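We did not get these values from a lab; they are worked out from the coordinates using the rules stated. All of these numbers come straight from a predicted model, not from anything done at the bench. In this analysis, Cβ positions are derived from the backbone assuming ideal geometry, glycine residues included, and neighbour counts consider all displayed protein chains.
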Amino acid sequence: MKTTLASIIVTLIQAVYSKENEISGSIYRTGLIGKRIKLKIKQDGIIITQGWHTPQKVDLSCTNNCTFQIVYNCNQTIRFNLDSVSYVHDGINYDIGYSSNKFIPERRTDIEDCDNFMLPFEAKLIKPTSK
């Protein structure tokens, strides 16, 4: 009984002293524009970046499902591979999986050799706030 009550109190405190942001976006490439990738990120319904970027491979020796990085808005970065997006918000790194409607051609093992793909993502980011 005490354990259950303590658990409820901790949950309520976390709900009261936390901030929630909704993040969504997409990373895509079409074969018509070469190796550049379009990145769009929305936070709480407001577009914070939208544009074409040239991604850089994080580990140059990687040969399978490599992680790429895009620098946007001068100093912010987002990393991604075929499985997920790594997004930094308020100093916290979030690993976000792609939505079920992602598109990657069959038998592709890396973004680098893929001319067409669509990687949509969406998540609620919960950050504890100080009292």
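General observations
- Here the simple spin-label model places points 7 Å from the Cα toward Cβ, and for residue 19 and residue 107 these points are separated by 4.9 nm.
- Relative contact order (percent, whole number), segment 19-128, Cα cutoff 8 Å, 6+ residue spacing: 29 percent
- Sparse-neighbourhood loop sites, chymotrypsin sites (Phe, Trp or Tyr not before Pro) in segment 14-118 - DSSP loop, at most 16 other Cβ within 10 angstrom: 17
- Calculated FRET efficiency for the pair residue 116/residue 88, C-beta based, R₀ 25 Å, to 0.05: 0.35
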